[in-house]
Amino acid sequence: MPELEGTGCRCIFRFLNHSSRPPMQVRLIALTAPQINIEGQSLTAEGLMAYCARVSSPHQESADYEKLLAYCIAHKHWSIFEMADMTVEIVTSRAISPQILRHRSFTFQEFSMRYSKAQAIERYTPRRQDSKNRQNSLDDLPPETVAWFDEAQERVATESMALYEAALEKGIAKECARAMLPLATQTKLYMKGSIRSWIHYLEVRTDPATQKEHRDIALEIRKIFVERFPVTASALGWS
């Protein structure tokens, strides 16, 4: 490990390699848990949305709701999809988390680098800047450019984390020392929202126009969505 000259500080951190586990991680944390049964079976979060949609119907307790949810989606009756919530845990970088936090219909909790020490810096695979679309990139860089970027990332990670550790050893507050760290510093956040919000988020962020690292997160969340809300996902054309 590198030692920062004049400080005695040894840099202890994880710079995530391409061969290690993927930096991005997504997992389901919580899902609306209905407290009633329909026809002797526990109601699912998806079933709850249909149950609430039938508030004015004499057949509210029908267990068959595929056509109902498909109809609501086709005719944009979105309010019923606010009757259930889902919370996911996301591990990503500080470069991507601000994009996620822009979705203001969600509720968030994010890892605080004022309270706790940073632990890892993610390694990015570089892409070429699209000359026609300033918000797009292309995966066709020559190997020597990729190698240069890899080395540059490692240098930045090593030096910035060494300076960060040195600042902490000198008694500088975490909220100040974190200014030394790159945007690739890893973070964790919890993202909670209604199924209506998740539908909108997934429609927007699984689009190829989204930055790849963020799109990878959205695609993983969509897998969870398809598993937990299969009827809704099918009506949306996601399965």
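In table form, for the structure just shown:
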{"quantity": "Filter result for the condition that a residue is polar (S, T, N, Q) and in the same structural domain as Ala147 (by the TED database), over Thr125, Thr92", "calculated": "Thr125"}
{"quantity": "Residue within region 210-223 that is in contact with a strand residue (DSSP E or B) (Cβ under 6 Å, 6 or more places away or on another chain) and either outside any helix (DSSP H, G or I) or at pLDDT below 95 (or both) present", "calculated": "no"}
{"quantity": "Test result for Glu203, surrounded by fewer than 16 Cβ atoms within 10 Å (Cβ to Cβ) and in the same structural domain as Thr92 (by the TED database)", "calculated": "yes"}
{"quantity": "Region 216-226: number of residues that are among the charged types (D, E, K, R) and surrounded by fewer than 16 Cβ atoms within 10 Å (Cβ to Cβ)", "calculated": "1"}
{"quantity": "Selection within region 141-178 - assigned to a loop (DSSP other than H, G, I, E, B) and surrounded by 11 or more Cβ atoms within 10 Å (Cβ to Cβ)", "calculated": "Leu141, Ile172"}
{"quantity": "So Leu181, is it farther than 28 Å from Arg205 by Cβ and crowded, with 16+ Cβ neighbours inside 10 Å", "calculated": "no"}
{"quantity": "Region 154-204, residues that are under 18 Å from Arg102 (Cβ atoms), without any contact (Cβ under 8 Å) to a residue 40 or more places away in the chain and not aliphatic (A, V, I, L, M)", "calculated": "Glu203"}
{"quantity": "Condition met for Gln60 (in the same structural domain as Leu28 (by the TED database) and free of Cβ contacts under 8 Å to residues at least 60 places away in the same chain)", "calculated": "yes"}
{"quantity": "Sole residue being over 30 Å from Trp198 (Cα atoms), charged (D, E, K, R) and in contact (Cβ under 8 Å) with a residue 12 or more places away in the chain, chosen from Lys117, Lys132", "calculated": "Lys117"}
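The values are calculated or read from the model by the stated rules, or taken from the named source; none is laboratory data. Only a predicted model underlies this, so the values are computations on that prediction, with no experimental measurement involved. Reconstructed Cβ throughout: ideal geometry from the backbone, glycine too, with neighbour counts over all protein chains shown.
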